[in-house]
1. Out of Val260, Val268, report the one residue that is open to solvent by 30 Å² or more (accessible area, probe 1.4 Å), at pLDDT 95 or above and either among the β-branched types (Val, Ile, Thr) or touching a Ser or Thr at 6+ places or on another chain (Cβ under 7 Å) (or both).
2. Just the residues that are closer than 17 Å to Arg118 by Cβ, of a type in the set (Ser, Thr, Tyr) and assigned to a strand (DSSP E or B), please, taken from segment 183-238.
3. Mind checking which residues of segment 1-56 are modelled with pLDDT under 80, loosely packed, with under 15 Cβ neighbours inside 10 Å and among the hydrophobic types (A, V, I, L, M, F, W, C)?
4. Report yes if some residue within segment 289-298 is outside any strand (DSSP E or B), surrounded by fewer than 20 Cβ atoms within 10 Å (Cβ to Cβ) and among the aromatic types (Phe, Trp, Tyr); otherwise report no.
5. Select, from Asp101, Asp59, Asp91, Asp113, the only residue that is touching a strand residue (DSSP E or B) at 6+ places or on another chain (Cβ under 9 Å), modelled with pLDDT under 95 and surrounded by fewer than 16 Cβ atoms within 10 Å (Cβ to Cβ).
6. With the structure loaded, tell me whether Phe366 is modelled with pLDDT of 55 or more, part of a helix (DSSP H, G or I) and open to solvent by less than 40 Å² (accessible area, probe 1.4 Å) or whether it fails that test.
7. Is it the case that segment 333-354 has a residue that's in contact with a Gly (Cβ under 7 Å, 6 or more places away or on another chain) and not β-branched (Val, Ile, Thr)?
Amino acid sequence: MTRTDPHGGVVRGRRARTVLISGASVAGPALAFWLHRRGFAVTVVEKAPALRPGGYPIDIRGTALDVVRRMGILPRLREAHIDLRRLTFLDADGGEVASLDPHTVTGGAPGHDLEVRRGDLTAALHAAVRDDVEFRFGDSIVTLDPSDHGVDVTFHGGGERTFDLVVGADGLHSRTRAALFGPEARFHRYLGYCFAGFTVRNTLGLSHETVLWNTPGRAAALYAPGDSGDVHALLNFSHPTPPFDAFRDPRAQRDLVAEVFADAGWEVPGLLAALRDADDLFFDTVSQIRMPRWSSGRVALVGDAAYAPSFLTGQGTSLALVGAYMLAASLADRDHTAGFAAYEHDTRPFVTANQDLVGEGDALLFPSTARALERRNELLRRLGAGGAGVAGAGGATGAGGAAASGPAGGRSAHSALTLPAG
């Protein structure tokens, strides 16, 4: 097979269809891999100057495991797997409520599902495709002008190109989506929480574990994926409306979090002090993207840009991997109109099932009322004593992969799609 020229070469005697992908996190390079395998000439544009190392651990479950296996990167990811051994819940004073096997709560399958640092996954995806497609780091799309013959694109770094197709894989706050479908507010489903994530020193000596402190509507978590000197901190809180005025103002973000947690106990005062000086603060809402369609003409969306499920489901990365595979498979032997239609028809039920894992009631990990927190703690104590699981605990709803139907329901959704031949 003649190698695909990333600028639009010839494959098996015909011109390869050209595709521009915006975003080089998870969905973008995964899609690039599968499109290249199917004879497309692919360019990936990414506003960051390079791959982002480190980052929070992410889950790969169910059907997504088959995607990374078919890519040939499963052994590398198995080596990078984080063996989280304990999840400890604390009350307002820092006293232990229960200490559990994490899989009891998350719905994961021990020995099967993967949990890896985000940077380890993005590095593996990039390594699998970097020699076969064109990457433009430190650049972004300025304008998109779709027409019958293609999509004319201008780049922030200069220059204009025309592509047969463009795919937005640029996350929850996708600019590709905004350019083609309108403001994010049309598709944004706010789930009632905001969060601030950052790195702090591991002063508690945590190892391969998560510690979660709760009061009604507030949570503080410390996540230690290994034995290093740093841990990931998360401050999560209920908020009636999205604080849009804080999104572009890091100082306003810090002020809001400090105000919400001002009277909090346990280790929270120290976390607030660390938050002030953190150079890796990530602040956002806990939200989903729900769209009636994922394509317009020659432009489509994949991953969080099209169907972010929120971290409450634990399925964002898995949906990105599966969606990328399904989009490439749908385009393989079809024109873009039929291919995008097949992508939606075959993938949407899987996406919806996983988005629905957020449930309809109080979150297991982040109860918003005193009564919900009391019920949650009663459930955890029973689980810690070897009692009924989440599914049999009187209707408690879940987060992080454990939905209202419990871990079994989550695992069903995780594997609710069988991949077509690749």
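1. Values: Val268 fails: open to solvent by 30 Å² or more (accessible area, probe 1.4 Å).
The match here is Val260.
2. Residues satisfying the conditions are Thr199, Thr210, Tyr223.
3. Correct list: Met1, Val10.
4. The initial filter retains those residues of segment 289-298 that are outside any strand (DSSP E or B), namely 290-294, 297-298.
Filter again for surrounded by fewer than 20 Cβ atoms within 10 Å (Cβ to Cβ), leaving 290-293, 297.
Filter once more, keeping what is among the aromatic types (Phe, Trp, Tyr): none.
Among the residues of segment 289-298, not one is outside any strand (DSSP E or B), surrounded by fewer than 20 Cβ atoms within 10 Å (Cβ to Cβ) and among the aromatic types (Phe, Trp, Tyr), which makes the answer no.
5. Working: Asp59 fails: surrounded by fewer than 16 Cβ atoms within 10 Å (Cβ to Cβ); Asp91 fails: modelled with pLDDT under 95; Asp113 fails: surrounded by fewer than 16 Cβ atoms within 10 Å (Cβ to Cβ).
After ruling out the rest, the residue left standing is Asp101.
6. Working: modelled with pLDDT of 55 or more: yes; part of a helix (DSSP H, G or I): no; open to solvent by less than 40 Å² (accessible area, probe 1.4 Å): yes.
It is false that Phe366 is modelled with pLDDT of 55 or more, part of a helix (DSSP H, G or I) and open to solvent by less than 40 Å² (accessible area, probe 1.4 Å).
7. no
Yes/no per residue for (1) at pLDDT below 95; (2) open to solvent by 10 Å² or more (accessible area, probe 1.4 Å); (3) more than 23 Å from Ala416 (Cβ to Cβ):
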| position | (1), (2), (3) |
| --- | --- |
| Phe350 | no, no, no |
| Arg371 | yes, yes, yes |
| Arg375 | yes, yes, yes |
| Leu380 | yes, no, yes |
| Leu383 | yes, yes, yes |
| Ala399 | yes, no, no |
| Ala402 | yes, no, no |
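The values are calculated or read from the model by the stated rules, or taken from the named source; none is laboratory data. Since this is a predicted model, take the numbers as computed values, not measurements. So basically every Cβ, Gly included, is an ideal-geometry build from the backbone, and we count neighbours across all protein chains shown. Protein only, heavy atoms only, side chains kept; ligands, DNA and RNA dropped before computing areas. Shrake-Rupley method; radii C 1.70, N 1.55, O 1.52, S 1.80 Å.
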